[in-house]
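For reference, the structure discussed in these notes is given below.
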Amino acid sequence: MKLLIIEDEIRAAEYLKQGLSENGYSVDIAHTGTDGLHVAANGDHDLIILDIMLPGIDGFAVLSALRTSKTTPVLLLTAKGQTDDKVRGFDLGADDYLVKPFQFVELLARVRALLKRGKAPLGSPVLRVADLEVDPVRHRAIRLGQRVDLTAKEFALLTLLMQRSGEVLSRTQIASLVWDINFDSDTNVVEVAIRRLRAKVDDNFANKLIHTVRGVGYVLEHRVTA
Ligand code: CA
């Protein structure tokens, strides 16, 4: 498994590299965002650990540039612990977030989890339900020939619903599969995301694809109405 660390603090980067190498990972390091993008473009990394506060182009800019061509999982590593930053990171396509200072064992656990989830397999098929089409590799959603603009999380949510089309998914299931978080009772985040997704995917169309199953959850399917 090959990892890339993009971190400007040399000692921190070396410390991470050493720890990860001791755990069997092969590790590349880049000390600036520009270098990081270059190394990422030229290497087939299984995971990228990305610091946000970088000189020149910061981690957010690196992430958004990266996401135009790569689906490599990204773990954001930063001293910034503000909710706005986390949301921004996730919206730009980050897969996980760890606030400094952190315990190395926690980083290691998150790295393992991200690697287990893996990258979207190459050549994975385009998903279709009625006139809605989702291409997980190209990161593209199209309804009736029109591109649907989605945030990274909305895209992940739609992909999940498409992959499991016809199957009712509970809010808790969706929360853990899309956000990788266990929401004990507060699954409001799922409701909000579903509402936003519907506004983009269903609102302008007579044929609704996302359905609420009262007391259970949500299902995406093509229902023929009489
Ligand atoms: Ca830094």
Exercise. Using the Cβ atoms and a cut-off under 10 Å, what net charge is assigned to the surroundings of Val111, where Lys and Arg are +1 and Asp and Glu are -1?
Worked result: 0
Exercise. In whole angstrom, and with the biggest value first, how far do the Cα coordinates of the chain range along each principal axis?
Worked result: 66, 37, 30
Exercise. Past the 19 Å Cα-Cα mark, which pairs from Lys2/Lys116; Lys153/Lys208; Lys153/Lys200; Lys86/Lys153; Lys2/Lys80?
Worked result: Lys153/Lys208; Lys2/Lys80
Exercise. Residue farthest toward the positive end of the dipole of the stretch 64-203, with Cβ of Lys/Arg at +1 and Asp/Glu at -1: which of Leu144, Asn188, Val105?
Worked result: Val105
Exercise. Taking Cα atoms, how many degrees apart are the long axis of helix 152-163 and the longest axis of the chain, rounded to 10 and kept between 0 and 90?
Worked result: 50 degrees
Exercise. Based only on Cα atoms, what Rg/Rh ratio does the stretch 2-116 have, Rh being taken as Kirkwood's radius?
Worked result: 0.91
Problem set entry | Crossing angle, helix 10-22 versus the chain [Cα axis fit, 0-90 degrees, rounded to tens] | 70 degrees
Exercise. Against the longest alpha carbon principal axis of the chain, how many degrees, from 0 to 90 and to the nearest 10, is the axis of helix 188-201 turned?
Worked result: 70 degrees
Exercise. For the stretch 20-50, list residues with backbone N below 15 Å from a point placed 7 Å from the Cα of Phe102 toward its Cβ?
Worked result: 20, 47-50
Seminar exercise, completed: For the Glu221, Ala12 Cβ pair and Förster radius 35 Å, calculated FRET efficiency rounded to 0.05 is 0.15
Seminar exercise, completed: In deg cm²/dmol, rounded to the nearest 500, the helical mean residue ellipticity at 222 nm of the chain, built from -39500 (n - 2.57) for every DSSP H run of length 4 or more, is -12000 deg cm²/dmol
For this session: Report the net charge of residues surrounding Ala40, where surrounding means a beta-carbon distance below 10 angstrom and charges are Lys +1, Arg +1, Asp -1, Glu -1.
Result: -2
Seminar exercise, completed: Here FRET efficiency (C-beta to C-beta, Ala61 to Ser176, R₀ 45 Å, nearest 0.05) is 0.90
Exercise. For the stretch 127-220, what ratio Rg/Rh do Cα atoms give with a Kirkwood hydrodynamic radius?
Worked result: 0.94
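Read-outs throughout are calculated quantities, based only on the coordinates presented, and are distinct from any laboratory measurement. Computed from a predicted model, the values in this text were never measured in an experiment. In this analysis, Cβ positions are derived from the backbone assuming ideal geometry, glycine residues included, and neighbour counts consider all displayed protein chains.
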